[in-house]
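Q: Just passing along the structure, written as structure tokens.
The values are calculated or read from the model by the stated rules, or taken from the named source; none is laboratory data. No experiment lies behind these values; they were computed from the predicted model shown. Cβ sites come from the backbone with ideal geometry, for glycine too, and all protein chains shown count toward neighbours.
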Amino acid sequence: MTLEDYKDKLNNCDKKWVLLKCKGCGLEYITPISCGLRTCPKCAKKQSDELFFNIWNVVKRLRETKIYKLRHITLTYGNKGSLWLDLRESKKAFRKLWHNYLEKKGAGALVCVEIGDKNRSVHLHVLYFGMFIFWKQLSEEWKKVTGGRWEIDVRLVKGKKGIREVTKYISKGIYRENKDLENMFEIEEALKGMRRIMTYGIFYDYKLPEPVFTCPVCGCEHWEYVRRYTLNIDINKETIRDILYRFKTFQKENARASPDKQTVNLKQD
């Protein structure tokens with residue numbers, strides 16, 4: 001992907017729409033086409049929200065005890081020159097840390113990667129369920145696997161607010177405070193082929209579900225592509241919301257009706 005391709009994808013995110021038909025009941029729905037870029041503000045926010053709700057559904061089933069509690073661990077890896085290499089080496093370092101110190105019976109960890117706003121320093125944010133952690137021992141172990149003196153932080157997690165504090169790092173540090181497209185493109189390329197979320201122990205066993213679009217009428221998860229639309233550039237957000245509301249309402253009331261009469265100011269590609 002070139003820089004021009006990247007700019008085009010970023011600028012056209014959610015500006016094209018696809019019409020899908022449920023294979024179960026035949027109802028048709030219109031949905032925006034996202035670019036899927038890791039550095040896209042819209043897509044990163046969606047991923048962060050989906051991750052939050054998925055994790056919360058797992059965490060609320062955990063039973064904390066006097067020994068086993070949920071904690072937020074922050075591990076600073078730093079910037080050693082190559083973002084591509086730093087991202088991958090930080091993941092390897094945590095894998096060693098998990099096996100050397102954090103791995104215990106009944107324990108689990110979910111790891112999110114953060115890229116710093118200014119110097120692109122790499123940080124790992126870990127949602128850890130397990131026994132008490134000795135700060136000094138954890139610091140020494142992290143130093144061994146990274147080969148440097150990097151900062152760490154450990155604090156207890158309470159409720160949904162604590163979960164959100166961890167998942168927000170999926171989108172933080174990519175586009176906030178950073179409007180340099182060339183720099184964002186470099187980050188996008190460094191993230192290519194790499195998962196920003198890692199799971200260990202009981203979190204790995206749960207296997208966070210992939211998002212599935214389910215028909216709200218019949219519950220079917222299978223869809224048939226009908227056609228694609230592009231929004232006219234003179235339509236404002238309020239008009240778009242009104243069009244979509246009228247379109248969806250019409251489709252629910254008239255399952256087999258043609259969408260052409262309701263797609264005002266929409267033109268087919």
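Q: Could you tell me whether L85 is free of Cβ contacts under 8 Å to residues at least 24 places away in the same chain, in a helix (DSSP H, G or I) and closer than 30 Å to N183 by Cβ? It would help to see each step written out before you state the result.
A: Numbers: free of Cβ contacts under 8 Å to residues at least 24 places away in the same chain: yes; in a helix (DSSP H, G or I): yes; closer than 30 Å to N183 by Cβ: yes.
Yes, satisfied.
Q: Based on this model, can you work out whether C112 counts as assigned to a strand (DSSP E or B), out of contact with any Leu (no Cβ under 6 Å at 6 or more places or on another chain) and hydrophobic (A, V, I, L, M, F, W, C)?
A: For C112, the condition - assigned to a strand (DSSP E or B), out of contact with any Leu (no Cβ under 6 Å at 6 or more places or on another chain) and hydrophobic (A, V, I, L, M, F, W, C) - is met.
Q: In region 19-66, how many are in contact with a strand residue (DSSP E or B) (Cβ under 8 Å, 6 or more places away or on another chain) and of a type in the set (V, I, T)?
A: 5
Yes/no per residue for (1) more than 30 Å from S82 (Cα to Cα); (2) at pLDDT below 80; (3) part of a helix (DSSP H, G or I):
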{"position": "I174", "(1), (2), (3)": "no, yes, no"}
{"position": "K179", "(1), (2), (3)": "no, yes, no"}
{"position": "E182", "(1), (2), (3)": "no, no, yes"}
{"position": "E186", "(1), (2), (3)": "no, no, yes"}
{"position": "F213", "(1), (2), (3)": "yes, yes, no"}
{"position": "C220", "(1), (2), (3)": "yes, no, no"}
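Residue-wise test of (1) of a type outside the set (K, R); (2) within 30 Å of K158 (Cα to Cα); (3) part of a loop (DSSP other than H, G, I, E, B); (4) not assigned by TED's automatic domain parsing to the domain that holds M194.
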{"residue": "L10", "(1), (2), (3), (4)": "yes, no, no, yes"}
{"residue": "G26", "(1), (2), (3), (4)": "yes, no, yes, yes"}
{"residue": "T31", "(1), (2), (3), (4)": "yes, no, no, yes"}
{"residue": "K46", "(1), (2), (3), (4)": "no, yes, no, no"}
{"residue": "R61", "(1), (2), (3), (4)": "no, yes, yes, no"}
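Q: Which one is surrounded by the most Cβ atoms within 10 Å (Cβ to Cβ) among residues in region 2-19 that are among the aliphatic types (A, V, I, L, M) and modelled with pLDDT of 80 or more? Quick ask: steps written out before the conclusion?
A: Of region 2-19, the ones among the aliphatic types (A, V, I, L, M) are 3, 10, 18-19.
Narrowing the set further to residues that are modelled with pLDDT of 80 or more leaves 3, 10.
Numbers: L3: 14, L10: 20.
Within region 2-19, the match that is surrounded by the most Cβ atoms within 10 Å (Cβ to Cβ) is L10.
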